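For reference, the structure discussed in these notes is given below.
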Amino acid sequence: MALPLIVLAGITILLGLLQHPLEQFLGNQLTAVDLHQGTHATWLPHVALGLTMVGVGLAWLEFGRRGASRVGFVERIPLLYNLFAERWYLDHFYRVLVDRVIDRGISTLFFQNDNQVIDGGIDGMCKGTVAGGQVIAFLHLGMIQYRLLVAFAVMVLLALYFYL
């Protein structure tokens with residue numbers, strides 16, 4: 001585990017030492033990149049370096065020095081220990097999000113869509129089918145077959161009359 005960290009640290013140091021030549025090279029090659037000179041906070045790299053040194057020193061005190069207890073400061077502070085043990089409570093947040101937003105919100109919208117649009121459309125089509133069947137049943141009770149038989153017989157008789 002130490003070897004990859006040493007390699008990454010070496011690459012970072014090398015890039016830091018070659019910052020100005022790389023900026024000039026990229027500035028000359030990529031004209032679309034707008035390099036803002038002097039607009040960044042000059043104190044920010046120093047603060048980052050200081051925090052890095054504090055972190056390295058704290059890690060050495062707790063884990064690296066001879067006779068160290070090898071117990072981090074997070075394990076000694078119950079609030080921080082619970083925060084990291086519970087994964088920053090992201091699982092709890094995710095559960096609330098799933099329960100409230102997805103299950104109650106989106107699922108309710110889909111349920112209402114199913115009831116109103118899909119079931120309503122199928123119900124409307126079924127009611128139309130039933131109404132059409134009732135109209136056909138009424139016409140059937142009106143002896144439409146006999147009327148068609150009479151109309152056909154009249155046409156046959158007229159054809160015979162005009163043909164003969």
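Any read-out appearing in this document is the output of simple, stated calculations on the displayed coordinates, not a laboratory observation. The model shown is predicted, which means the values in this text are computed figures rather than measured ones. With ideal geometry, Cβ positions are generated from the backbone for all residues, glycine too; neighbour counts draw on all protein chains shown.
Things worth noting here:
- Here the gap between Leu160 and Asn115, fully extended at 0.36 nm per residue and compared with their Cα-Cα distance, gives a gain of 10.1 nm.
- A Förster distance of 25 Å, applied to the separation of the beta-carbon atoms of Leu17 and Ala48, puts the FRET efficiency at 0.95.
- Mean projection area, nm², convex hull over Cα of the chain: 29.9 nm²
- Rh (Kirkwood; distinct C-alpha pairs) - region 92-163, Å: 17.5 Å
- In this structure, Leu97 and Val74 have a Cβ-Cβ separation that, at R0 = 35 Å, corresponds to a calculated FRET efficiency of about 0.85.
- Calculated [222 nm] ellipticity per residue, helices only, for the chain: -21500 deg cm²/dmol; basis is -39500 (n - 2.57) per DSSP H run with n ≥ 4, divided by all residues, nearest 500.
- Evaluating 6.51 cos²θ - 1.76 cosθ + 1.60 at θ = phi - 60° for every residue in region 156-161, the Karplus couplings come out as 5, 5, 5, 5, 5, 5 Hz, glycine and proline recorded as x.
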